[in-house]
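Structure first, commentary second.
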Amino acid sequence: METGLTGRRAAVAAASRGLGFASARALAAEGARVAVCGRSKEHIEEAAARIGDRAVPLVADVSTPEGARRFVIDAREALGGLDVLVTNAGGPPPGTFETTPLDAYPPALALNLLSVVAMCQEAVPGMRAQRFGRVVAITSISVRQPIPNLILSNTARAGATGFLKTLAREVAGDGVTVNSVQPGTHATERILQIYGSEAEAVKGVPTGHLGRPEDFGAFVAFLCSDSARFITGAAIPVDGGAYAALL
């Protein structure tokens, strides 16, 4: 399938590893030039080298709105413009209602909600002006089905989903699509940190195995393609069938 991504300019946040890295590598494989960021210069340069010569490494911390906004500015300058934005960030610490103090919420909202808003505010106006853009946010299946012991992530990512749905409807007539992808349990370092082992992580996944990051990345690349021009405002689970509700 011809994706139309050759020569497109993409910014992928938090892409030194995990699903962000997989998404950046998939976009580059389809011919896009990709600016990727991470907090460690060493790690992001290593990731960019693994992606190939279409990748531009940038040091940025997207855990704050200003850091997230700065990443988009730097990516646009490095690439000469921006056609694709993939928002992504690590997750906040685990915890329950009882164990999570009130002062833990603002940093979590900055990390998983306000960083998304800031990146979109910086990227989307230019996309609207050029009459083309793709925004794909990596969120979590917890938006549909809250994950126990992750109250901060459940709360912040649900807010991001509401923002993205609203944005999608406002910019749909300008050639800009806005979607979110909700990963379930994939074979990443964070999942293993949360669950402790692959055997524990795979419980409740009907396919009986963890998702492959490269498959997730390929789906993100599809949403950025020309063929996905009629998909917008969608929040799509990629979870091996773990989400059990009808809608």
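The rows are residues; the columns are (1) of a type outside the set (K, R); (2) surrounded by 16 or more Cβ atoms within 10 Å (Cβ to Cβ); (3) more than 14 Å from the chain's Cα centre (by Cα).
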| site | (1), (2), (3) |
| --- | --- |
| Q121 | yes, no, yes |
| G133 | yes, yes, yes |
| I138 | yes, yes, no |
| R144 | no, yes, yes |
| L152 | yes, yes, yes |
| E189 | yes, no, yes |
| F216 | yes, yes, no |
| F219 | yes, yes, no |
| C224 | yes, yes, no |
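Among the residues here, T100 does not qualify as part of a helix (DSSP H, G or I) and touching a helix residue (DSSP H, G or I) at 6+ places or on another chain (Cβ under 8 Å).
Are there any helices (runs of 4 or more DSSP H) wholly within the range 4-90 with 3 or more residues that are among the charged types (D, E, K, R) and either within 25 Å of F132 (Cβ to Cβ) or in contact with a strand residue (DSSP E or B) (Cβ under 8 Å, 6 or more places away or on another chain) (or both), and if so which?
65-79
The set of residues from the range 107-116 being surrounded by fewer than 20 Cβ atoms within 10 Å (Cβ to Cβ) and either among the β-branched types (V, I, T) or assigned to a strand (DSSP E or B) (or both) is empty. When each of G38, G91, G67 is tested for being crowded, with 16+ Cβ neighbours inside 10 Å and touching an Asp or Glu at 6+ places or on another chain (Cβ under 6 Å), the lone residue that passes is G67. Taking residues in the range 155-178 that are farther than 21 Å from T96 by Cα, and partners anywhere that are surrounded by fewer than 17 Cβ atoms within 10 Å (Cβ to Cβ) and of a type in the set (D, E, K, R), the pairs with Cβ atoms closer than 7 Å and at least 6 places apart or on different chains are V171/R128; D174/R128; D174/R131; G175/R131; V176/R128; T177/R229.
Does V205 fit the bill of being surrounded by 15 or more Cβ atoms within 10 Å (Cβ to Cβ), assigned to a loop (DSSP other than H, G, I, E, B), without any contact (Cβ under 8 Å) to a residue 60 or more places away in the chain and of a type in the set (A, V, I, L, M, F, W, C)?
Judged against the criteria, V205 is a match.
Scanning the range 73-97 for residues that are over 14 Å from A14 (Cβ atoms) and either among the β-branched types (V, I, T) or touching a helix residue (DSSP H, G or I) at 6+ places or on another chain (Cβ under 8 Å) (or both) gives I73, R76, G81, L82, D83, V84, P93, P94, G95, T96, F97.
Read-outs throughout are calculated quantities, based only on the coordinates presented, and are distinct from any laboratory measurement. Computed from a predicted model, the values in this text were never measured in an experiment. Note that each Cβ is placed from the backbone with ideal geometry, even for glycine, and that neighbours are counted across all protein chains shown.
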